[in-house]
1. Along the charge dipole of the chain, Cβ charges K/R +1 and D/E -1, which of Gly323, Phe162, Ala97 sits furthest on the positive end?
2. Give the aspartates and glutamates whose C-alpha is closer than 17 Å to that of Lys131, dropping any in the same chain fewer than 8 places away, or say none.
3. Let me spell out the model: positive unit charges on the Cβ of Lys and Arg, negative unit charges on the Cβ of Asp and Glu, origin at the Cα centre of the chain. What dipole size does that give, in debye rounded to 20?
4. How far apart, in nm, are the 7 Å Cα→Cβ label points at Asp157 and Glu312?
5. Which cross-chain or sequence-distant (5 or more) residues have an amide H under 5 Å from the amide H of Ser318, H modelled 1.01 Å from N in plane?
6. Consider the candidate values [x] 1.62; [y] 0.97; [z] 0.99; state which one is Rg/Rh (Cα atoms, Kirkwood Rh) computed from the structure displayed.
7. Using a cut-off of 15 Å between alpha-carbon atoms, which aspartates and glutamates can reach Lys120, once sequence neighbours fewer than 8 places away in the same chain are excluded?
8. Kirkwood Rh and Cα-based Rg: tell me the resulting Rg over Rh for region 375-439, rounded to two decimals.
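Derivation of every value follows stated rules applied to the coordinates shown; laboratory data play no part. From a predicted model like this one, the values you see are computed outputs, not experimental measurements. We place every Cβ from the backbone using ideal geometry, glycine too, and count neighbours over all the protein chains shown.
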Amino acid sequence: MAKLRFATSAALSLVLAIPAVAQTASTPAAAPASPAAAPAADPAQRNAITNAALPAAEAAMKAHVMFLASDAMKGRDAGSPEYDIAAQYVASQFYAAGLRPMGDDGSYLQKVPLITVKAKDQGSFAYQPPKGAPVPMAFGKDYVPGTNPSKPVTSVDASLAFVGFGIVEPGSKRDDYAGVDVKGKIVLMFGGAPESLHPELRAHFGSTATKRAIAMAKGAVGVLTIEPTAGMITMAAAGYQRSRVTWEKGGVGFDPAPRAPGLGMISQAFAQTLFAGSRLKWTDVVKGAGSAETRFKATVLPGRIAAAINTEWTPLPSSNVVGLLPGGDPKLKGEYVVLSAHLDHVGVGRAVNGDTIYNGAEDNAVGIASLIEEAKKFKASGTPPKRSILFLAVTAEEKGLVGAEYFANNPTVPKGAMVADVNLDMPIITYKFEDVIAFGADRSTLGPIVRKAAASIGVGFSPDPMPEQGLFTRSDHYRFVQQGIPSVFLWPGQAGPGKAAVDDFFKNHYHKPSDEVWQMPALDWSQGVRFVDVNYAIAREIADGAERPRWNKGDFFGLLYGGFGAK
């Protein structure tokens with residue numbers, strides 16, 4: 001699973017006006033260590049855990065995880081040789097499960113043209129007040145440049161408009177642009193979104209991608225954000241050349257809002273200069289900026305800014321793995337249910353107790369093992385599903401859901417024929433789960449299907465236990481949502497012993513070297529098999545259903561992305 005983002009890092013990502021390519025973290029904060037090293041361990045202890053005898057179904061899951069999360073895979077960082085080996089392993093397992101190759105050129109691999117994107121240099125910014133000579137702006141004091149993956153050189157010279165938090169949300173009758181025509185202007189805004197919104201909408205409207213998409217729709221030619229707290233610009237300047245990842249399209253990087261590039265961040269001290277002579281006083285802006293609930297009056301500012309940023313990118317080729325189980329119904333086999341899980345993890349990083357390899361056993365080798373075993377379960381059933389099923393292992397989830405984004409935009413089947421996605425990301429199986437959670441289930445007819453599948457193995461269904469995290473927008477299924485496809489993200493629930501187990505994982509093992517088979521609390525492979533059973537029941541119900549899944553009428557995301565049934 002992509003890294004959980006808390007207040008400071010989230011705010012910094014937003015104020016930098018980074019495109020959607022970098023909404024989730026890629027690697028641990030420290031520079032990679034070399035050579036990779038695993039901690040010394042008692043061989044008897046390690047062998048007792050890894051070599052324990054298990055029933056066949058449990059042993060099969062464990063075998064996948066032992067390979068994918070081994071030290072030899074060095075954390076399966078997208079674009080690394082080890083990731084490529086892991087992809088070949090999954091392809092071989094898809095073959096063994098009887099799936100047809102649905103990648104490129106008759107293979108199981110879909111090439112994903114990942115690229116790393118970063119600021120080439122400090123760029124240059126200058127402020128032109130209403131009267132007098134231009135005022136050069138100082139890097140690291142007045143501004144920090146952003147990046148534009150769609151252009152190596154970006155130059156914008158335009159007047160300014162302040163639009164508060166840059167949110168347009170009809171449900172709450174909020175339009176931060178109201179009363180101002182920003183066509184041809186640079187918009188200036190704060191990061192963040194109101195806590196009064198539904199958590200999933202708050203995550204959506206708080207993202208840089210959404211803010212820039214709204215700005216582009218309004219005709220803005222660039223976006224500048226104001227640092228949320230005075231002095232944060234110093235921290236931003238220190239990491240301004242941090243690489244981010246997107247995919248190549250037409251010779252440049254993919255950007256969902258290319259006509260409103262994220263030009264960068266300006267300091268509060270310099271922002272005060274921009275408001276000089278404005279009807280909106282800077283003291284009132286500072287007072288209201290402490291809460292995204294504040295509805296500022298959109299205001300054209302007196303001067304203009306000339307901003308030049310330079311972006312460079314480097315190829316980081318990787319691949320998704322795609323296998324097909326053809327449907328058996330002549331009328332329905334042309335529709336596809338997608339079952340997805342991410343194959344990558346975060347690679348090699350800061351040493352913790354002497355270990356620099358972030359193995360990613362739970363995150364997400366267990367999810368990939370579930371995907372493989374579910375494919376085998378379908379074949380072993382002897383009854384093909386009515387609809388076809390795509391089994392999809394994606395790259396670069398940890399770098400911003402990029403592999404899933406690439407596939408959702410460039411599927412190897414007709415895009416309109418994909419009727420649902422069920423995503424498996426970091427199922428925690430250290431306890432006997434009593435319920436399941438499906439983020440996004442209540443937005444479509446997938447909800448009743450998940451409830452029925454859970455009941456079929458004797459477990460309950462629970463609502464999102466941590467809505468403040470906005471997980472519906474934070475895993476690979478969301479890239480399918482953005483194509484209008486009903487989607488859910490499935491997890492074992494937190495009833496009974498679940499909450500303590502989940503809390504322990506996030507506190508002690510999430511995105512840490514200890515996320516490996518032998519270091520964590522013992523993985524309960526019987527729960528992995530139960531998790532596969534739930535997934536199988538969900539996928540079977542979707543694939544054999546009389547009607548394709550549909551969005552609930554009026555659902556926000558269904559309407560936003562033109563999903564089936566939402567109108």
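1. Phe162
2. The reachable aspartates and glutamates, counting only those whose Cα sits under 17 Å from Lys131, are Asp157.
3. Details: 56 positive and 52 negative charges, 353 e Å.
Its charge dipole is roughly 1700 debye.
4. 2.7 nm
5. Val112, Leu114
6. [z]
7. Glu312
8. Values: Rg = 14.8 Å, Rh = 14.7 Å.
For region 375-439, the value is 1.01.
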